[in-house]
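Q: Once you've had a glance at the structure underneath, I'll fire off some questions.
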Amino acid sequence: MRCLLIIVACIVLVGCSKKKLQELGDIRYDRLGEVCMEDKRHWLLDIEATNADDSVYLDSRVLGRKVEINSTSLDTTSHLYTLLAETCKEDSLYLELSAAEFYGSLKGMVPSYLSDSDRIHVNVWMRDKLTAIGYVSFKQTFEQQVMASYTQQNRWNARLDTATQIYYEVLKKNNSKQDQFSKAKVKYVLKSLNEQIVAYSKDGDPFIYDVKDTAIIGGIQFLVNALKVGESARALVPSNQAFGASGNLRVPGYTPILLELEVLEHIQ
């Protein structure tokens with residue numbers, strides 16, 4: 001009997017000690033930290049989400065990188081936006097809300113394994129809030145870390161050009177002297193870091209590089225001018241020497257790419 005009373009007392013104490021959730025619209029939430037507003041539009045988050053059965057279906061922490069959100073791309077009229085905007089760096093939020101509200105506020109689609117009305121539980125850790133300049137610095141630093149790690153893991157015997165931040169390795173060498181040229185025939189392949197081909201020159205139809213053409217990506221310009229006829233190289237090219245902050249249809253912004261290139265002929 002005494003043991004039973006102790007167990008009941010413990011259950012009561014645990015129930016009483018549970019913090020009552022606050023409400024904003026249809027969202028029930030708990031905030032760790034004070035409310036604060038900062039005019040920093042780039043947010044770095046970690047997110048863990050569980051479904052109605054308390055099964056974790058999303059945990060960004062296992063990805064090795066933060067969830068990056070430009071706050072101007074969100075639904076700024078939503079309650080979720082308000083809660084995130086008021087969350088300070090290194091603070092966190094616990095949320096109970098519908099899947100439709102969570103994904104809709106983030107301008108995303110509800111996953112197929114959830115219905116719009118499903119109530120999900122979400123933990124959000126605000127790792128950092130950055131200004132536009134701070135975000136660019138963060139992305140450039142992250143790129144350099146990715147590139148350095150890639151060359152080490154794949155055992156490249158690469159050198160780093162400090163002016164362009166391009167890692168490159170000459171694969172086939174020519175001991176003759178470098179000559180002057182205005183155009184060059186080259187063969188090249190551009191790939192993502194997971195070896196997906198982005199662009200390439202066709203067999204029998206080499207790309208004609210013109211030194212006056214400033215529209216050619218910096219990585220190609222760098223290698224063509226660094227190599228002699230008959231030489232080839234592979235390079236890891238940062239986004240500022242490739243497709244930039246905006247990227248294109250096949251390459252996201254701030255993404256380094258792989259470049260393999262061979263100089264076939266100089267055209268005087």
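The values are calculated or read from the model by the stated rules, or taken from the named source; none is laboratory data. Here the structure is a predicted model, which means the values were calculated and not measured. Reconstructed Cβ throughout: ideal geometry from the backbone, glycine too, with neighbour counts over all protein chains shown.
Q: Taking the condition over 24 Å from PHE243 (Cβ atoms) and either outside any strand (DSSP E or B) or not assigned by TED's automatic domain parsing to the domain that holds TYR57 (or both), does SER176 pass?
A: yes
Q: Just one of the numbered conditions (1) surrounded by fewer than 16 Cβ atoms within 10 Å (Cβ to Cβ); (2) of a type outside the set (Asp, Glu); (3) under 27 Å from SER55 (Cα atoms) is not true of GLY134; which one?
A: That leaves (3) as the condition not met.
Q: Being of a type in the set (Lys, Arg), surrounded by 16 or more Cβ atoms within 10 Å (Cβ to Cβ) and over 25 Å from LEU236 (Cβ atoms) narrows it down to one residue among LYS191, LYS185, LYS129; which is it? Before you say what the answer is, go through the steps one by one.
A: Details: LYS191 fails: over 25 Å from LEU236 (Cβ atoms); LYS185 fails: over 25 Å from LEU236 (Cβ atoms).
One residue alone meets the criteria, LYS129.
Q: Can I ask one more? Testing LEU249 on (1) under 20 Å from the mean Cα position of the chain (by Cα); (2) crowded, with 17+ Cβ neighbours inside 10 Å, one condition comes back false. Which one is that?
A: Against the list (1) under 20 Å from the mean Cα position of the chain (by Cα); (2) crowded, with 17+ Cβ neighbours inside 10 Å, LEU249 comes up short only on (2).
Q: Now for a separate question. How many of the residues in the range 93-124 are within 25 Å of the chain's Cα centre (by Cα) and of a type in the set (Lys, Arg)?
A: 1
Q: Among (1) free of Cβ contacts under 8 Å to residues at least 40 places away in the same chain; (2) within 30 Å of TYR168 (Cβ to Cβ), where does VAL146 come up short?
A: (1)
Q: Next question, about the same structure. Is there a residue being more than 25 Å from the chain's Cα centre (by Cα), at positive phi and part of a loop (DSSP other than H, G, I, E, B) anywhere in the range 52-69?
A: yes
Q: Let me ask you something else. The conditions are (1) in contact with a helix residue (DSSP H, G or I) (Cβ under 9 Å, 6 or more places away or on another chain); (2) free of Cβ contacts under 8 Å to residues at least 60 places away in the same chain; (3) on the phi > 0 side of the Ramachandran plot, and LEU160 fails exactly one of them. Which is it?
A: (3)
Q: Now a separate question. So which residues in the range 179-210 are assigned to a strand (DSSP E or B) and of a type in the set (A, V, I, L, M, F, W, C), if there are any at all?
A: ALA184, VAL186, VAL189, LEU190, ILE197, VAL198, ALA199, PHE207, ILE208
Q: Please determine, by comparing only the residues of the range 182-217 that are farther than 22 Å from ALA245 by Cβ and touching a helix residue (DSSP H, G or I) at 6+ places or on another chain (Cβ under 9 Å), which one is modelled with the lowest pLDDT.
A: VAL211
Q: To continue, here is another question. If I go through the range 1-37 residue by residue, how many of them are touching a helix residue (DSSP H, G or I) at 6+ places or on another chain (Cβ under 9 Å) and modelled with pLDDT of 85 or more?
A: Of the residues in the range 1-37, 6 are touching a helix residue (DSSP H, G or I) at 6+ places or on another chain (Cβ under 9 Å) and modelled with pLDDT of 85 or more.
Q: If a residue must be hydrophobic (A, V, I, L, M, F, W, C) and closer than 16 Å to THR164 by Cα, how many such residues does the range 234-265 contain?
A: Counting residues in the range 234-265 that are hydrophobic (A, V, I, L, M, F, W, C) and closer than 16 Å to THR164 by Cα gives 9.
Q: Now for a different question. Every residue in the range 72-110 that is out of contact with any Gly (no Cβ under 6 Å at 6 or more places or on another chain) and of a type in the set (Asp, Glu), please.
A: Selection gives ASP75, GLU86, GLU90, GLU96, GLU101.
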